[in-house]
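The values are calculated or read from the model by the stated rules, or taken from the named source; none is laboratory data. Just so it is clear, the structure is predicted and the values come from calculations on it, not from any experiment. No Cβ is skipped: glycine too gets one built from the backbone with ideal geometry, and neighbour counts run over all protein chains shown. Remember, those area values only see protein heavy atoms, side chains included, never the ligands or the DNA or RNA. Shrake-Rupley method; radii C 1.70, N 1.55, O 1.52, S 1.80 Å.
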Amino acid sequence: MKIYIDGEYYAKEDAKISVFDHGLLYGDGVFEGIRVYHSRVFKLREHIERLYFSAKAILLNIPMSEEAMIAAVVDACRQNQLENGYIRLIVTRGAGSLGLSPNSCKHPSVIIIANEIQLYPRELYEKGMEIITAATSRNLVNAINPAIKSLNYLNNILAKIEASHAGCEEAIMLNSDGFVAECTGDNLFILHHGVIYTPPLSSGALHGITRGTVMDLAREAGYTVEERNLTRYDLYIAQECFLTGSGAEIVPVVKIDRRVIGEGAPGKVTRELDERYRALTKVSGEPI
Ligand code: PXG
């Protein structure tokens, strides 16, 4: 494995950054998780745009243009002969002194790890996933806005631990008003009376690339898709529920807080959208 750090490639054992990097000291930085399918980087431009938006929101100047970043990601895939896999793209604030101020960090670091992907077990997709609601609320939009894909993921990690303690892979996170935002690393959708609903971004959901893709695919397939504030009750009485994310793709949810969703098996609409999503991954993306 060859890992890109600031324009150079390093073997896995030699890929190291400073212990004074504020990415490590404070979670001060931004990241993306991107898929590669059939030697194409899926939705690369969308991921790069979100990365630069996240960086802008935290006043982090990425030391290269978006076009140069796209070229670097594609090159990292080539160097690793990656036909199918996962890219973790990270920009840290860089090395500085032991103080919160980012002023001491003169050079942000760009890291690209192009690797195999750790998928959820196949069984989860066939049988559907059981999830719970976490007690940990989503960060306030006026605190660390969840729209920023920052290296500070403790809010999500705390909810993920709750999921794990409950024997689940994922947990739903509510915002401070009690509305559903999303899961710890995936956006959430439901089907109710034939209409597809997902929480609006103002709920504290990440502007998921898969979320956007699935909304487009669903509309193309003739479904009405609405962004609406959802309560846990709305989820419990849904006909279908599924999660979306670059890593997880489309995951059917069959149980929420011990309530069976719909028929208790992956729903028809979920399966249809999954098929359309798979078809898209076969043909779309930045060629390597
Ligand atoms: N919500 C959150 C909070 C995320 O971090 C998504 C939704 C899905 O977004 P995309 O753009 O991928 O459709 C994400 C991104 C993990 C992991 O290990 C997951 C993400 C990022 C990093 C790690 O589960 N998902």
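The table that follows gives values for the structure above.
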quantity	calculated
Inter-label distance for E49 and E272, nm, one decimal - labels placed 7 Å from Cα along Cα-to-Cβ	2.7
Cα-centred dipole magnitude for segment 149-288, charges only on beta-carbon of K, R (+1) and D, E (-1), debye, nearest 20	120
FRET efficiency for K16 and A166, using Cβ-Cβ distance with R0 set to 45 Å, rounded to 0.05	0.80
Cα-centre dipole for the chain with unit charges at Cβ (Lys and Arg positive, Asp and Glu negative), debye to 20	100
Segment 2-115 - percent of accessible surface contributed by carbon and sulfur, probe 1.4 Å	53
Three principal axis lengths of the chain [C-alpha, angstrom, descending]	53, 41, 31
Too-long pairs where the Cα-Cα distance tops 32 Å, listed order kept, from K2/K106; K16/K127; K12/K268; K127/K149; K56/K255	K16/K127; K12/K268; K56/K255
Packing rank of 65-73, 128-136, where each peptide gets the mean count of other beta carbons within 10 Å, highest leading	128-136, 65-73
Contour minus Cα-Cα distance for K127 and L154 (0.36 nm per residue)	6.8 nm
Relative contact order [Cα under 8 Å, 6+ residues apart], the chain, whole percent	20
Surface accessible to a 1.4 Å probe, per residue, for the residues of segment 106-203, Å²	48
Pairwise FRET efficiency - E83 versus V195, Cβ, R0 = 35 Å, nearest 0.05	0.40
Cβ-Cβ FRET estimate between H207 and N103, R0 fixed at 30 Å, reported to 0.05	0.55
The chain, helix-only ellipticity at 222 nm - DSSP H runs n ≥ 4, -39,500 (n - 2.57), divided by all residues, nearest 500	-8500 deg cm²/dmol
In sequence order, calculated HN-Hα J values of segment 55-72 (Karplus, 6.51, -1.76, 1.60; Hz; x Gly/Pro)	5, 4, 4, 9, 6, 10, 8, 6, x, 7, 6, 4, 5, 5, 5, 4, 5, 5
Label-point separation, A265 to K282 (7 Å along Cα→Cβ), nm	2.4
Accessible carbon and sulfur surface of segment 243-288 relative to its total accessible area, %, 1.4 Å	47
A181 long-range amide H proximity, modeled H, under 5 Å	M173, L174, N175
